[in-house]
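Step one of this worksheet: look at the structure below.
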Amino acid sequence: MTTKTNALITGANKGIGLETARRLAAMGFKVWLGARDAERGEAAARALRNEGLDVEWLALDVASDDSVAAAARILTAQVSSLDVLVNNAGIAPGYVDALGDDGRYERPPSRENVEDMKAAFDVNVFGPVRVTQTLLPLLLAAPAARIVMVSSYLGSIARAAGNSPSPNVMGYGSSKTALNAVTVAFARELSPRGIMINAAAPGYTATDLNAHRGGRTVQQAAGVIVQLATLEAGGPTGGYFDENGPLPW
Ligand SMILES: NC(=O)c1ccc[n+]([C@@H]2O[C@H](COP(=O)([O-])OP(=O)(O)OC[C@H]3O[C@@H](n4cnc5c(N)ncnc54)[C@H](OP(=O)(O)O)[C@@H]3O)[C@@H](O)[C@H]2O)c1
(Lines give C-alpha, C1' and ligand atoms only; values in the text may rest on other atoms or scores of the structure.)
Protein backbone atom coordinates (compact mmCIF):
# COMPACT_ATOMS: atom_id res chain seq x y z
CA MET A 1 0.00 0.00 0.00
CA THR A 2 1.32 3.43 -0.89
CA THR A 3 0.52 6.30 1.46
CA LYS A 4 1.73 8.95 -0.97
CA THR A 5 -0.87 11.15 -2.63
CA ASN A 6 -2.09 9.26 -5.66
CA ALA A 7 -3.22 10.60 -9.01
CA LEU A 8 -4.75 8.64 -11.89
CA ILE A 9 -4.86 10.08 -15.39
CA THR A 10 -6.78 8.26 -18.09
CA GLY A 11 -5.41 8.15 -21.63
CA ALA A 12 -2.03 9.28 -20.35
CA ASN A 13 0.32 7.42 -22.69
CA LYS A 14 0.64 10.47 -24.96
CA GLY A 15 -0.47 14.02 -25.63
CA ILE A 16 -1.97 16.23 -22.95
CA GLY A 17 -2.48 13.29 -20.57
CA LEU A 18 1.19 12.32 -20.66
CA GLU A 19 2.27 15.90 -19.95
CA THR A 20 -0.24 16.11 -17.09
CA ALA A 21 1.20 12.88 -15.68
CA ARG A 22 4.70 14.32 -15.89
CA ARG A 23 3.69 17.54 -14.14
CA LEU A 24 1.74 15.90 -11.32
CA ALA A 25 4.53 13.38 -10.71
CA ALA A 26 7.07 16.24 -10.62
CA MET A 27 4.89 17.86 -7.92
CA GLY A 28 5.24 14.73 -5.77
CA PHE A 29 2.20 12.66 -6.66
CA LYS A 30 2.49 8.97 -7.29
CA VAL A 31 1.00 8.87 -10.76
CA TRP A 32 -1.00 5.97 -12.19
CA LEU A 33 -0.81 6.38 -15.93
CA GLY A 34 -3.94 4.92 -17.51
CA ALA A 35 -3.51 3.42 -20.99
CA ARG A 36 -5.64 1.06 -23.04
CA ASP A 37 -2.62 -0.49 -24.75
CA ALA A 38 0.01 -2.31 -22.69
CA GLU A 39 3.00 -1.48 -24.87
CA ARG A 40 2.15 2.19 -25.12
CA GLY A 41 1.35 2.43 -21.42
CA GLU A 42 4.48 0.67 -20.25
CA ALA A 43 6.69 2.71 -22.63
CA ALA A 44 5.21 6.00 -21.43
CA ALA A 45 5.58 5.06 -17.76
CA ARG A 46 9.15 3.92 -18.36
CA ALA A 47 10.00 7.24 -20.03
CA LEU A 48 8.70 9.17 -17.01
CA ARG A 49 10.45 6.85 -14.56
CA ASN A 50 13.67 7.54 -16.50
CA GLU A 51 13.10 11.20 -15.61
CA GLY A 52 13.15 10.14 -11.95
CA LEU A 53 9.36 10.28 -11.51
CA ASP A 54 7.17 7.90 -9.53
CA VAL A 55 4.88 6.57 -12.27
CA GLU A 56 3.21 3.23 -12.93
CA TRP A 57 0.97 2.34 -15.80
CA LEU A 58 -2.49 0.89 -15.32
CA ALA A 59 -4.42 -0.99 -18.02
CA LEU A 60 -7.54 1.11 -18.50
CA ASP A 61 -9.84 1.26 -21.50
CA VAL A 62 -12.46 3.79 -20.49
CA ALA A 63 -14.90 2.40 -23.06
CA SER A 64 -14.99 -1.01 -21.37
CA ASP A 65 -16.86 -1.77 -18.14
CA ASP A 66 -14.65 -4.84 -17.60
CA SER A 67 -11.41 -2.94 -18.09
CA VAL A 68 -12.47 -0.13 -15.73
CA ALA A 69 -13.55 -2.67 -13.10
CA ALA A 70 -10.24 -4.55 -13.42
CA ALA A 71 -8.26 -1.31 -13.12
CA ALA A 72 -10.20 -0.40 -9.98
CA ARG A 73 -9.40 -3.80 -8.47
CA ILE A 74 -5.69 -3.41 -9.19
CA LEU A 75 -5.62 0.13 -7.81
CA THR A 76 -7.61 -0.79 -4.70
CA ALA A 77 -5.08 -3.52 -3.93
CA GLN A 78 -2.27 -0.98 -4.00
CA VAL A 79 -3.60 2.31 -2.61
CA SER A 80 -5.97 3.20 0.19
CA SER A 81 -7.26 6.37 -1.48
CA LEU A 82 -7.16 8.32 -4.73
CA ASP A 83 -6.51 12.05 -4.35
CA VAL A 84 -6.73 13.09 -8.00
CA LEU A 85 -8.60 11.64 -10.97
CA VAL A 86 -8.08 13.27 -14.36
CA ASN A 87 -10.60 12.00 -16.90
CA ASN A 88 -8.45 12.87 -19.90
CA ALA A 89 -8.91 10.02 -22.41
CA GLY A 90 -10.73 11.38 -25.43
CA ILE A 91 -11.27 10.87 -29.13
CA ALA A 92 -12.50 12.98 -32.02
CA PRO A 93 -13.57 10.43 -34.64
CA GLY A 94 -13.53 11.80 -38.18
CA TYR A 95 -12.15 15.16 -37.10
CA VAL A 96 -8.81 14.99 -38.90
CA ASP A 97 -10.40 13.64 -42.09
CA ALA A 98 -12.71 16.66 -42.14
CA LEU A 99 -9.91 19.22 -42.04
CA GLY A 100 -9.28 21.09 -45.27
CA ASP A 101 -5.82 22.01 -46.54
CA ASP A 102 -6.05 25.30 -44.66
CA GLY A 103 -6.81 23.44 -41.41
CA ARG A 104 -10.47 24.49 -41.31
CA TYR A 105 -13.09 21.96 -40.24
CA GLU A 106 -15.29 21.11 -43.22
CA ARG A 107 -17.90 18.58 -42.08
CA PRO A 108 -21.19 20.33 -41.25
CA PRO A 109 -23.74 18.72 -38.92
CA SER A 110 -25.81 17.65 -41.96
CA ARG A 111 -22.92 15.32 -42.89
CA GLU A 112 -21.93 14.17 -39.40
CA ASN A 113 -21.58 10.41 -39.07
CA VAL A 114 -23.78 8.98 -36.31
CA GLU A 115 -21.44 6.02 -35.67
CA ASP A 116 -18.59 8.49 -35.11
CA MET A 117 -20.79 10.41 -32.69
CA LYS A 118 -21.63 7.24 -30.75
CA ALA A 119 -17.93 6.37 -30.49
CA ALA A 120 -17.11 9.88 -29.28
CA PHE A 121 -19.82 9.76 -26.64
CA ASP A 122 -18.72 6.32 -25.46
CA VAL A 123 -15.17 7.48 -24.74
CA ASN A 124 -15.67 11.19 -23.95
CA VAL A 125 -18.88 11.01 -21.89
CA PHE A 126 -19.64 7.46 -20.74
CA GLY A 127 -15.91 6.85 -20.14
CA PRO A 128 -15.59 9.54 -17.46
CA VAL A 129 -18.93 8.44 -15.95
CA ARG A 130 -17.78 4.80 -15.77
CA VAL A 131 -14.37 5.65 -14.34
CA THR A 132 -15.70 8.17 -11.81
CA GLN A 133 -18.44 5.85 -10.57
CA THR A 134 -16.12 2.87 -10.29
CA LEU A 135 -13.34 4.73 -8.49
CA LEU A 136 -15.67 6.62 -6.17
CA PRO A 137 -14.90 4.55 -3.06
CA LEU A 138 -11.18 5.35 -3.43
CA LEU A 139 -11.91 9.02 -4.16
CA LEU A 140 -14.15 9.31 -1.11
CA ALA A 141 -11.39 7.76 1.01
CA ALA A 142 -9.12 10.75 0.23
CA PRO A 143 -9.43 13.83 2.45
CA ALA A 144 -10.53 16.09 -0.43
CA ALA A 145 -10.25 14.47 -3.82
CA ARG A 146 -10.10 16.51 -7.01
CA ILE A 147 -11.62 15.27 -10.26
CA VAL A 148 -10.82 17.01 -13.53
CA MET A 149 -12.93 16.37 -16.61
CA VAL A 150 -10.88 17.28 -19.67
CA SER A 151 -13.44 19.12 -21.76
CA SER A 152 -12.97 21.59 -24.62
CA TYR A 153 -13.98 25.09 -25.71
CA LEU A 154 -16.04 23.20 -28.31
CA GLY A 155 -18.27 21.99 -25.47
CA SER A 156 -19.46 25.51 -24.71
CA ILE A 157 -22.94 26.20 -26.07
CA ALA A 158 -22.46 29.88 -25.19
CA ARG A 159 -19.36 30.07 -27.40
CA ALA A 160 -20.99 28.08 -30.22
CA ALA A 161 -23.97 30.42 -30.23
CA GLY A 162 -21.95 33.59 -29.62
CA ASN A 163 -20.68 36.35 -31.90
CA SER A 164 -17.48 34.58 -32.91
CA PRO A 165 -18.60 30.97 -32.95
CA SER A 166 -16.15 28.14 -32.56
CA PRO A 167 -15.87 25.58 -35.43
CA ASN A 168 -19.12 23.64 -35.87
CA VAL A 169 -17.89 20.19 -34.83
CA MET A 170 -21.23 18.62 -33.88
CA GLY A 171 -20.23 15.12 -32.74
CA TYR A 172 -17.11 15.86 -30.71
CA GLY A 173 -18.41 19.25 -29.52
CA SER A 174 -21.70 17.88 -28.23
CA SER A 175 -19.84 15.07 -26.44
CA LYS A 176 -17.90 17.72 -24.52
CA THR A 177 -21.14 19.64 -23.86
CA ALA A 178 -22.52 16.43 -22.36
CA LEU A 179 -19.32 16.00 -20.36
CA ASN A 180 -19.82 19.50 -18.95
CA ALA A 181 -23.35 18.53 -17.90
CA VAL A 182 -22.00 15.35 -16.32
CA THR A 183 -19.46 17.46 -14.40
CA VAL A 184 -22.19 19.62 -12.91
CA ALA A 185 -24.36 16.61 -12.10
CA PHE A 186 -21.52 14.85 -10.25
CA ALA A 187 -20.62 18.10 -8.48
CA ARG A 188 -24.14 18.41 -7.10
CA GLU A 189 -23.80 14.98 -5.50
CA LEU A 190 -20.11 14.89 -4.62
CA SER A 191 -19.19 18.46 -3.61
CA PRO A 192 -21.16 18.14 -0.35
CA ARG A 193 -19.14 14.96 0.23
CA GLY A 194 -15.85 16.85 -0.03
CA ILE A 195 -14.86 16.24 -3.66
CA MET A 196 -13.98 19.13 -5.99
CA ILE A 197 -14.90 18.36 -9.59
CA ASN A 198 -14.40 20.73 -12.50
CA ALA A 199 -14.18 20.73 -16.29
CA ALA A 200 -11.07 22.06 -18.06
CA ALA A 201 -10.61 23.52 -21.54
CA PRO A 202 -6.98 23.00 -22.53
CA GLY A 203 -7.24 24.92 -25.83
CA TYR A 204 -6.42 23.85 -29.39
CA THR A 205 -3.23 21.90 -28.85
CA ALA A 206 -0.86 20.11 -31.22
CA THR A 207 -1.50 16.40 -30.57
CA ASP A 208 -2.42 13.29 -32.56
CA LEU A 209 -6.12 14.15 -31.95
CA ASN A 210 -5.91 16.92 -34.56
CA ALA A 211 -2.89 15.73 -36.60
CA HIS A 212 -0.86 18.34 -34.71
CA ARG A 213 -2.81 21.25 -36.20
CA GLY A 214 -3.44 22.82 -32.79
CA GLY A 215 -1.53 26.01 -31.99
CA ARG A 216 -0.77 25.28 -28.34
CA THR A 217 1.81 23.03 -26.75
CA VAL A 218 0.96 20.19 -24.39
CA GLN A 219 2.85 22.12 -21.72
CA GLN A 220 0.41 25.02 -22.12
CA ALA A 221 -2.59 22.69 -22.30
CA ALA A 222 -1.71 20.83 -19.12
CA GLY A 223 -1.62 24.08 -17.14
CA VAL A 224 -5.34 24.37 -16.39
CA ILE A 225 -5.64 20.64 -15.74
CA VAL A 226 -2.86 20.73 -13.16
CA GLN A 227 -4.39 23.87 -11.59
CA LEU A 228 -7.75 22.12 -11.14
CA ALA A 229 -6.12 18.87 -9.96
CA THR A 230 -4.29 20.72 -7.18
CA LEU A 231 -6.90 23.23 -6.03
CA GLU A 232 -6.63 24.45 -2.46
CA ALA A 233 -9.21 22.98 -0.10
CA GLY A 234 -12.41 25.01 -0.40
CA GLY A 235 -11.65 25.86 -4.04
CA PRO A 236 -14.22 25.98 -6.83
CA THR A 237 -16.29 22.96 -7.76
CA GLY A 238 -18.86 22.32 -10.46
CA GLY A 239 -17.19 24.86 -12.78
CA TYR A 240 -15.71 25.06 -16.28
CA PHE A 241 -12.34 26.74 -16.64
CA ASP A 242 -9.45 27.57 -18.87
CA GLU A 243 -6.14 28.80 -17.51
CA ASN A 244 -7.51 32.35 -17.23
CA GLY A 245 -10.60 31.53 -15.17
CA PRO A 246 -14.26 30.51 -15.49
CA LEU A 247 -15.81 29.92 -18.92
CA PRO A 248 -19.41 30.36 -20.05
CA TRP A 249 -21.24 27.04 -20.37
N1 LIG B 1 -5.68 18.51 -28.59
C2 LIG B 1 -6.60 19.45 -28.47
O3 LIG B 1 -6.61 20.45 -29.21
C4 LIG B 1 -7.66 19.33 -27.42
C5 LIG B 1 -8.48 20.45 -27.20
C6 LIG B 1 -9.46 20.37 -26.24
C7 LIG B 1 -9.61 19.21 -25.51
N8 LIG B 1 -8.81 18.13 -25.75
C9 LIG B 1 -9.02 16.93 -24.96
O10 LIG B 1 -7.83 16.59 -24.31
C11 LIG B 1 -7.83 15.18 -24.04
C12 LIG B 1 -6.50 14.59 -24.48
O13 LIG B 1 -6.43 14.71 -25.88
P14 LIG B 1 -5.06 14.87 -26.68
O15 LIG B 1 -5.19 16.07 -27.52
O16 LIG B 1 -3.91 14.71 -25.77
O17 LIG B 1 -5.20 13.63 -27.68
P18 LIG B 1 -4.26 12.37 -27.99
O19 LIG B 1 -2.83 12.78 -28.07
O20 LIG B 1 -4.91 11.71 -29.14
O21 LIG B 1 -4.41 11.48 -26.67
C22 LIG B 1 -5.63 10.87 -26.36
C23 LIG B 1 -5.37 9.81 -25.33
O24 LIG B 1 -6.63 9.17 -25.01
C25 LIG B 1 -6.41 7.77 -25.12
N26 LIG B 1 -7.65 7.05 -25.39
C27 LIG B 1 -8.45 7.08 -26.47
N28 LIG B 1 -9.46 6.22 -26.33
C29 LIG B 1 -9.30 5.62 -25.12
C30 LIG B 1 -10.00 4.63 -24.40
N31 LIG B 1 -11.11 4.06 -24.90
N32 LIG B 1 -9.55 4.27 -23.17
C33 LIG B 1 -8.43 4.82 -22.67
N34 LIG B 1 -7.71 5.74 -23.32
C35 LIG B 1 -8.14 6.13 -24.53
C36 LIG B 1 -5.38 7.60 -26.22
O37 LIG B 1 -4.81 6.31 -26.15
P38 LIG B 1 -4.22 5.58 -27.47
O39 LIG B 1 -2.80 6.06 -27.63
O40 LIG B 1 -4.30 4.13 -27.10
O41 LIG B 1 -5.07 5.96 -28.63
C42 LIG B 1 -4.42 8.70 -25.81
O43 LIG B 1 -3.62 8.29 -24.73
C44 LIG B 1 -9.05 14.61 -24.75
O45 LIG B 1 -10.11 14.46 -23.85
C46 LIG B 1 -9.38 15.70 -25.76
O47 LIG B 1 -10.74 15.67 -26.13
C48 LIG B 1 -7.83 18.17 -26.69
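The values are calculated or read from the model by the stated rules, or taken from the named source; none is laboratory data. Keep in mind that what you see is a predicted model, and the values were worked out from it rather than measured. For the accessible areas, the whole protein counts, side chains as well, though only heavy atoms, and no ligand, DNA or RNA atoms are used. Shrake-Rupley method; radii C 1.70, N 1.55, O 1.52, S 1.80 Å.
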Using the alpha carbons of the chain, what is the convex hull volume per residue in cubic angstrom, as a whole number?
120
Estimated D of region 152-201 in µm² per second, where Rh is the Kirkwood radius over Cα pairs and Stokes-Einstein applies at 20 °C, 1.002 mPa s:
184
In whole Å, how far is the Cα centre of region 23-49 from that of region 224-247?
23
Roll a 1.4 angstrom probe over the protein heavy atoms and tell me the percent of accessible area of the chain that is carbon or sulfur.
52
Would you please give the residues with an amide H less than 5 Å from that of L82, counting only those at least 5 places away or on a separate chain, with H modeled from the backbone geometry?
L139, A141, A142
Report the full-extension gain for the segment Q133 to E189: residue separation times 0.36 nm, less the Cα-Cα distance, to one decimal in nm.
19.0 nm
Just the accessible area per residue of the chain, please: how many Å² with a 1.4 Å probe?
45
Cut-off under 22 Å on the C-alpha distance; same-chain residues fewer than 8 positions from K118 excluded. Which lysines are left, in chain and number order?
K176
Calculate how steeply helix 170-190 sits against the longest principal axis of the alpha-carbon atoms of the chain, using the helix alpha-carbon long axis, and give the answer as 0 to 90 degrees to the nearest 10.
40
Give the long-range amide H neighbours of L58: residues separated by 5 or more places, or on another chain, with amide H under 5 Å away, using H modelled in the peptide plane at 1.01 Å from N.
L33, G34, A35
For the chain the mean separation of alpha carbon contacts under 8 Å (6+ apart) over residue count, i.e. relative contact order in percent, is 19
Provide, for q = 0.14 Å⁻¹, the log10 of I(q)/I(0) from a solvent-free Debye sum over equal Cα point scatterers in region 105-249.
-0.68
